[in-house]
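Here the structure comes first, spelled out in structure tokens, and everything after it is commentary.
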Amino acid sequence: MNIVYVKNNEQMSLMAADIIASSILHKPDAILGLATGSTPIETYALLVAKYKVGALDFSQVRTFNLDEYAGLAPDHEQSYRYFMNHHLFNHTNIAMENTHLPLGNTSDHEKQCAEYEKKIEAVGGIDLQLLGIGSNGHVGFNEPADVFYMKTNVQNLSAATLSDNKRFFKGENEVVPSSALTTGFGQIMAAKSVLLLAGNGKQEIVQKAFYGDVTPQIPASCLQFHHNCTVIAVR
Ligand code: GLP
């Protein structure tokens, strides 16, 4: 894996947007694996800016997001569907039917996971997988565990993740959902390339995940075995 160090979040976002844009330019019908969280927001804004000046065309791009909170409807303001529409999809010419996330508000989460897995398989997997990293090393919502979960699955969120993500849930009665549907390591490791962004504040977990042992207790460490993974990390 390649680890590229940059000075700040701005440089990280600029580099990430250029890499994603170049992947769309090379393959206009690219299949992008996308992530949420605060880290990629600026990258998405830069991609929107490139689209607005005519430098990028999303008309054939297909996207599959990593995860969704269990129990949240797509129009819930904290759902990842809402996040993606708000930060990227609504501002480009991507066809909404080409954008995919697991549905959080179905009655059968396991069935939804199996269907989502099949949808990704049906298109032949992900070309470029964008990832963030949780402070405990989670990717998507694959939390520290005894094994690396391969398939799309339902995860109970750890205390660390619930506490990290609390900041997004501001309404008085809003509690952070305690579980989520997430793509597993099968699809992530099968992606043709992976781009992981680690902004300021993630220095400690970057050290542990990419310079230490590969262990499901630090899920991102699995990427040490990916054949084409780039990490852009703020020094
Ligand atoms: C959430 C998402 C992850 C993301 C992580 C880090 O838990 N499910 O995909 O990487 O948050 O978030 P942030 O970028 O806000 O630090």
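Return the only residue of K151, K119, K111 being at pLDDT 95 or above, outside any helix (DSSP H, G or I), open to solvent by 20 Å² or more (accessible area, probe 1.4 Å) and among the basic types (K, R). Quick ask: steps written out before the conclusion?
Values: K119 fails: outside any helix (DSSP H, G or I); K111 fails: outside any helix (DSSP H, G or I).
Just a single option satisfies the conditions, and that option is K151.
Among the candidates E77, E42, single out the residue that is farther than 21 Å from V194 by Cα and of a type in the set (D, E).
Exactly one residue qualifies, and that residue is E77.
May I ask you to list the residues in the range 189-203 that are surrounded by fewer than 22 Cβ atoms within 10 Å (Cβ to Cβ) and either outside any loop (DSSP other than H, G, I, E, B) or more than 12 Å from the ligand (Cβ to nearest atom) (or both)?
M189, A190, K192, S193, Q203
For the list (1) in a helix (DSSP H, G or I); (2) surrounded by 14 or more Cβ atoms within 10 Å (Cβ to Cβ); (3) more than 16 Å from the ligand (Cβ to nearest atom), I need the number of the one condition that D164 fails.
For D164, the failing item is (3).
What pairs come up if the first residue lies in the range 209-223 and is β-branched (V, I, T), the second is part of a helix (DSSP H, G or I) and open to solvent by 40 Å² or more (accessible area, probe 1.4 Å), and their beta carbons are under 7 Å apart, counting only those six or more places apart or on different chains?
As it stands, the answer is V214/Q224; V214/F225; I218/K208, since those pairs meet every condition given.
In this structure, does T63 turn out to be modelled with pLDDT of 95 or more, assigned to a strand (DSSP E or B), in contact with a Leu (Cβ under 8 Å, 6 or more places away or on another chain) and among the hydroxyl-bearing types (S, T, Y)?
On the way: modelled with pLDDT of 95 or more: yes; assigned to a strand (DSSP E or B): yes; in contact with a Leu (Cβ under 8 Å, 6 or more places away or on another chain): yes; among the hydroxyl-bearing types (S, T, Y): yes.
Taking the combined requirement at face value, the residue satisfies it.
Quick one: in the range 29-55, which of the residues that are touching a Ser or Thr at 6+ places or on another chain (Cβ under 7 Å) and open to solvent by 60 Å² or more (accessible area, probe 1.4 Å) is nearest to the ligand (Cβ to nearest atom)?
Taking the range 29-55 first, the residues touching a Ser or Thr at 6+ places or on another chain (Cβ under 7 Å) are 30, 32, 34, 42-43, 46, 48, 51.
The next check asks that each one be open to solvent by 60 Å² or more (accessible area, probe 1.4 Å); those that pass are 42, 51.
On the way: E42: 11, Y51: 22 Å.
Going through the qualifying residues, I end up with E42.
Among (1) surrounded by fewer than 16 Cβ atoms within 10 Å (Cβ to Cβ); (2) part of a loop (DSSP other than H, G, I, E, B); (3) not charged (D, E, K, R), where does P177 come up short?
Exception for P177: condition (1).
From the set of residues in the range 1-28 that are part of a loop (DSSP other than H, G, I, E, B) and at pLDDT 95 or above, which is most open to solvent (accessible area, probe 1.4 Å)? Show your work before the answer.
Keep residues of the range 1-28 that are part of a loop (DSSP other than H, G, I, E, B), which gives 1, 7-8, 27-28.
Next cut, at pLDDT 95 or above only: 7-8, 27-28.
Details: K7: 159, N8: 62, K27: 75, P28: 60 Å².
Checked the range 1-28; the qualifying residue most open to solvent (accessible area, probe 1.4 Å) is K7.
Would you pick out the residues in the range 125-148 that are of a type in the set (V, I, T), open to solvent by less than 10 Å² (accessible area, probe 1.4 Å) and in contact with a Pro (Cβ under 6 Å, 6 or more places away or on another chain)?
V139
For the structure I just gave you, tell me whether T215 is closer than 18 Å to Y69 by Cα, open to solvent by less than 60 Å² (accessible area, probe 1.4 Å) and not basic (K, R).
Working: closer than 18 Å to Y69 by Cα: no; open to solvent by less than 60 Å² (accessible area, probe 1.4 Å): yes; not basic (K, R): yes.
Taking the combined requirement at face value, the residue does not satisfy it.
The values are calculated or read from the model by the stated rules, or taken from the named source; none is laboratory data. Not measured: the values here are computed from a predicted model. Methodologically, a virtual Cβ is constructed for each residue, glycine included, from the backbone with ideal geometry; neighbour enumeration extends over all protein chains shown. Heads up: the accessible areas ignore ligands, DNA and RNA and are worked out on the full protein's heavy atoms, side chains in. Shrake-Rupley method; radii C 1.70, N 1.55, O 1.52, S 1.80 Å.
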